[in-house]
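Every read-out reported here was derived from the displayed coordinates using simple, explicitly stated rules and does not represent laboratory data. No experiment lies behind these values; they were computed from the predicted model shown. Cβ sites come from the backbone with ideal geometry, for glycine too, and all protein chains shown count toward neighbours.
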Amino acid sequence: MLPGDFLARYHRLRGDNVIYISGTDCHGAPVIRTGKIPTDVSEHYHEEFKKIFQDMSFSYDLYTKTSDNYHKDMVKKLLRIMLDKGYIKELKAPQTYCTHCKKLVFDREIEGECIFCGNKTKEEECDNCGHVPTEIKNAVCRACTNRTILVNAKNLYLMLSTLQPQLEDYVNRNKHNWRDFCIKQTQRDLKEGLKDRPITRDITWGIDVPYDGYENKSIFVWIEALLGYVTATQKFCDEHDLNWEDFWKENGRNKIYIVYGKDNISFHTIILPALLMSLDEDYHLPDTMVNSQYLMINSEKFSKTKNNIFALLAIKITFPL
Ligand SMILES: [Zn+2]
Ligand SMILES: [Zn+2]
């Protein structure tokens with residue numbers, strides 16, 4: 001998180017017009033698996049994160065959360081635009097189904113072998129090779145450990161195959177602002193060819209899908225969380241009498257930094273620009289991807305096994321800024 005704060009402070013000092021935003025991603029599947037009320041769990045962590053950022057004097061203009069009603073409403077509006085423009089379409093295709101749990105299972109709900117590197121992985125993102133596979137081999141449902149089957153099911157899909165040429169252009173234009181490992185993984189994904197991705201899930205913890213017949217589904221968490229960069233800017237601007245388009249629509253002067261952790265590269269370098277392209281409304285695409293590898297301490301990786309980590313909650317940092 002720190003590079004984002006440095007960048008925001010640097011640009012403010014230069015006299016630039018800066019909005020620095022982020023938020024808690026509340027709709028991840030682990031929240032449901034706690035067995036507690038999902039809203040309570042996500043709210044607990046959101047308050048904890050907010051307190052840490054306050055204690056450390058982070059200079060966010062807005063630190064929000066994806067369970068916020070403003071975010072939910074805006075995401076539905078944005079999705080309607082993508083549907084109207086034809087970049088999101090309903091398709092019927094084979095989906096992983098658990099006959100024991102009697103439901104479609106996705107992402108972290110299934111485990112199996114990565115079709116790219118063969119390692120054991122969850123569908124959401126392979127920890128070993130960083131691929132975000134659209135299918136995995138020998139899949140089992142993690143809830144009941146039974147083998148899953150494939151059934152034909154309807155879902156809304158983001159048409160990444162249509163956007164591939166535009167995405168290649170985008171990456172070539174901006175890659176000089178990205179780090180080596182980030183460029184390599186993105187170029188590898190593009191070279192392998194992008195597949196259209198389902199963006200709806202058969203779970204109720206999430207944002208409702210604004211489409212007839214999808215009453216029991218939610219929008220895939222990663223899709224709406226990424227749109228949070230836009231909706232948080234909109235929310236802040238609404239509340240401060242500013243025009244959000246000055247920050248997100250092309251005007252020849254804007255510059256967007258996206259700052260994130262070690263994983264989730266493809267979501268930020270491919271899916272996020274693809275979503276902005278799908279809106280087809282002259283969005284300025286992110287210029288600089290600032291992502292890190294491992295956190296280091298005394299030249300070693302921060303690691304629970306090595307017991308060299310410390311929890312931020314255990315320290316209270318106060319320093320004059
Ligand atoms: Zn199951
Ligand atoms: Zn893999």
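Things worth noting here:
- Per-residue Cβ neighbour rank within 10 angstrom, fewest leading, C117, C98: C117, C98
- Rounded to the nearest 500, the helix-only mean residue ellipticity at 222 nm of the chain stands at -11000 deg cm²/dmol, with each DSSP H run of n ≥ 4 adding -39,500 (n - 2.57).
- Of K77/K217; K85/K262; K122/K195; K76/K102; K92/K195, those spanning more than 23 Å from alpha-carbon to alpha-carbon: K85/K262; K76/K102
- For the chain: relative contact order, % (alpha-carbon pairs under 8 angstrom, 6 or more apart): 19 percent
- Here the relative contact order of segment 175-321, from alpha carbon pairs under 8 Å that lie six or more residues apart, stands at 21 percent.
- Separation of the D61 and D287 label points, Cα + 7 Å toward Cβ, nm: 1.5 nm
- Segment K306..C129, full-extension length gain: 61.4 nm, with 0.36 nm per residue of separation and the alpha-carbon distance subtracted.
- Residues of type lysines that K255 reaches as a straight line, Cα spacing below 16 Å, ignoring anything fewer than 8 places off in the same chain: K175
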